[in-house]
Amino acid sequence: MAHPKRKMSKSRRDKGRTHYKAALPSLAVCKTTGTVHIPHRAYDVDGNLYYRGKLLIASKTATTEVTEEKA
């Protein structure tokens, strides 16, 4: 197994990592709900789960409120 001939100092090691920096995530605005979210990901709005502007999973509190209003 290969081993380095000399120890690389901490400062020299860290110089190679100087070009890596955290980038701001790209964001999108939903046309249906108007919320800002990460594109191509499901996002939460008031307990409901949306993806591509469509409701995927409704929260239990939202469904009980709708059934109570109908009754």
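The values are calculated or read from the model by the stated rules, or taken from the named source; none is laboratory data. Nothing here was measured: the structure is a model prediction, and the numbers come from that model. Neighbour counts are summed over all protein chains in view; Cβ atoms, including those assigned to glycine, are modelled from backbone coordinates with ideal geometry.
Laid out as a table, the results:
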quantity	calculated
Cβ-Cβ under 6 Å pairs, at least 6 apart or on other chains, the range 34-58 side loosely packed, with under 13 Cβ neighbours inside 10 Å, far side of a type in the set (A, V, I, L, M, F, W, C) and in a loop (DSSP other than H, G, I, E, B)	V36/L27; G53/C30
D44 being modelled with pLDDT of 85 or more, of a type in the set (D, E) and in a strand (DSSP E or B)	yes
